[in-house]
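Heads up: the structure comes next, in structure tokens.
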Amino acid sequence: MTTDQPVAAAATATADATTGIADDTAAVPAPRAAAEPARRGFLAKAFGVTALLSAAGSGLGLLRDLLLARYFGANQGTDAFLVAWTVPETAAPLLIEDAMAFLMVPAFSLALVLREERPHGPDPVRQLTRSTLPWLLLALCTLSGAVALGAPQLVDLLAPGLAAPQLAVTCTRITALTILPFGVAGYLASALRALHSFTAPAVIYVMYNLGILALLLSGHRLLGVRSAAIGVAVGSALMAGVLVLPFARRLRSGGRRRGLRRGAARRLVLIPLALLPVAAFTLTRQAQVFIERYLGSDLPPGTISHLNYAAKVSQLAMTSAILIVTVTFPVVARAMAAGDFTAARDRVEKDLGQAAALVLLGTAFLMACAPALVALLFQRGAFGPADTSATAAVIRVYSFGLPAQAMIGVMVRPYFCVRPVVRRADLPRAEGDRITWLDWYPVGAMLLGLAVTVAVGVGATPHFGALGLAAGNAAGITTTAALLMRGLMLRGVALRLRLVLGGQARLLAAAVAATALGALAARAAAGPLPAALFGGTAVLLAFAVLGALFGAPEVRGPVLGLLARARRPRPAPSPTAPAAEGKSHGR
């Protein structure tokens with residue numbers, strides 16, 4: 001993360017806006033109104049735990065990238081590793097972050113709704129696990145073996161102009177081992193989040209990066225860049241391992257009196273076709289990276305590495321924004337499983353505003369301080385000033401697409417909640433199993449975005465190199481975000497566009513002004529560290545002040561809360577304290 005303040009602001013905003021159902025608690029029944037403070041406190045606590053552990057994972061990931069730059073720089077060896085990195089880079093969103101969560105969080109949420117409706121008899125959560133996990137393991141083993149065997153063809157497809165293809169093939173075969181543990185980790189993490197257990201899922205990237213760092217530190221001299229590939233495989237095994245016991249405990253405690261009896265009537269029915277649109281969307285979204293690697297392989301050696309380092313730094317601006325929807329996604333899924341689309345809409349609108357506030361603050365910091373930040377983080381060892389300049393320029397272009405990336409992360413989750421991978425057994429088959437064109441709408445939106453990415457990339461790369469690829473990425477993802485907003489309304493989540501877009505406009509205006517002031521402050525400082533500190537402070541203060549003045553509730557609420565706390569008088573000391581103290585001295 002860029003600063004500590006966004007996390008604090010997000011925690012405050014989440015505490016103020018995490019009822020998950022509606023704002024007016026007076027209009028709801030007494031039991032539900034009484035439960036609102038508990039739910040608000042739970043989600044705020046869950047966000048705090050998730051933010052802390054995710055920040056630790058992001059910090060270790062940044063250290064991993066720093067060591068890669070220090071030991072190997074940006075050359076044909078790192079380009080080869082990063083082509084192999086495409087395997088875990090694709091498997092992570094498909095099996096951990098996006099597709100698996102889109103499928104299994106709604107599925108487990110529906111199972112929990114059924115468990116609450118019928119507390120006696122077979123446990124739908126156990127039934128879901130027994131129906132899906134064995135098939136998932138079989139598919140993951142098959143896919144891992146296929147990637148390892150087809151590594152030469154995969155490398156040639158991804159980067160035909162690569163200078164060190166054999167090294168890329170070796171690293172790809174090693175990273176193919178990550179597919180099985182990634183899938184297991186994603187499945188177990190989705191189940192635990194749906195069961196409102198957030199600590200273990202949040203720690204997986206800490207374990208992942210610890211595995212990579214251990215191999216990098218111990219094997220970089222002997223194994224070269226292959227040590228990073230082996231570390232990826234080891235880290236993925238640690239990810240899955242840390243979730244097995246928490247999942248087993250939650251499954252055992254939740255179903256102790258509801259064990260699945262042989263011959264019991266099924267209450268959940270699998271919908272295999274629901275997998276296809278979700279997997280297709282995740283792969284088409286990841287295809288932006290494929291396009292960059294493909295077009296970048298014909299550019300000078302090191303270009304793919306510059307794009308990778310820039311993407312990693314840019315993603316730090318989205319960390320806290322994505323944490324919000326990670327914590328609130330089970331709330332949205334439960335609301336939609338119960339048919340409460342108004343509650344889902346309210347939650348999505350809040351998530352859009354909070355995510356936009358955090359990602360725009362981070363974007364303003366990156367735009368203003370990119371050269372100083374890259375020099376501070378990477379410029380040492382094999383990573384020289386020319387690499388710093390190239391990476392910083394790419395970061396600034398990438399940053400134009402960060403708000404759209406955050407919006408897509410918020411909107412696509414409730415979109416896929418409408419069609420979970422399971423349905424109620426009492427739902428008519430024709431209604432529950434039919435896949436319509438709306439299920440494929442996100443894929444179509446992403447394909448149109450990819451067409452824009454390719455068009456801009458092919459047209460701009462000959463003239464601007466890596467900057468042309470970054471511009472294509474930003475233009476394409478922004479196109480997809482605009483289309484998804486329309487698709488979410490068609491899906492039944494009727495966003496109030498005037499409210500949403502008005503809030504986004506206020507936040508954007510504050511971010512633009514904060515960027516200008518932060519850039520001036522960074523230029524006035526001498527050295528990377530003072531420039532990053534002064535520029536970041538200027539961005540934070542300007543964004544907070546202007547966001548509050550412009551009336552953005554996501555900024556104004558936390559700012560007014562901090563001011564109220566600062567003005568609040570300290571409680572006077574108890575009159576009995578001096579007497580007690582005197583007695584103790586007398587003794």
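The values are calculated or read from the model by the stated rules, or taken from the named source; none is laboratory data. All figures in this text were calculated on a predicted structure; none of them were measured in a lab. Please note: Cβ atoms are built from the backbone with ideal geometry, for glycine as well, and neighbour counts cover all protein chains shown. Accessible surface is based on the protein model in full, side chains and every heavy atom, while ligands, DNA and RNA are left aside. Shrake-Rupley method; radii C 1.70, N 1.55, O 1.52, S 1.80 Å.
Quick rundown of the values:
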item	result
Rounded if a/c under 1.5, otherwise prolate or oblate - segment 267-375, Cα gyration tensor axes	oblate
Rounded accessible area of Trp440 (nearest 10 Å², 1.4 Å probe)	100 Å²
Gain on full stretching of the segment that runs from Arg380 to Asn75 - 0.36 nm per residue minus C-alpha separation	108.3 nm
Translational diffusion coefficient (Stokes-Einstein; Kirkwood radius from C-alpha pairs) of segment 358-409 at 4 °C, 1.567 mPa s, in µm²/s	112 µm²/s
Radius of gyration, Dmax [segment 511-551; alpha carbons; angstrom]	10.4, 36
Quotient of Cα Rg and 2.2 N^0.38 Å for segment 330-384, N being how many residues it contains	1.93
Local electrostatic count at Gln286 - Lys and Arg +1, Asp and Glu -1, tallied over other residues with Cβ under 10 Å	-1
Gyration tensor (alpha-carbon) shape descriptor, segment 79-221, a/c threshold 1.5	prolate
Heavy-atom accessible surface of segment 79-140: percent carbon and sulfur, 1.4 Å	66 percent
Neighbourhood charge, 11 Å Cβ-Cβ cut-off, centred on Thr78 and excluding it, Lys, Arg +1 and Asp, Glu -1	-3
Computed lengthening from Arg565 to Leu549, 0.36 nm per intervening residue step minus Cα-Cα distance	3.9 nm
Positive-end extreme of charge dipole, segment 263-380 - chosen from Val278, Leu366, Ile291 (charges on Cβ)	Val278
For segment 318-363 and segment 506-544, distance of Cα centres in Å	27 Å
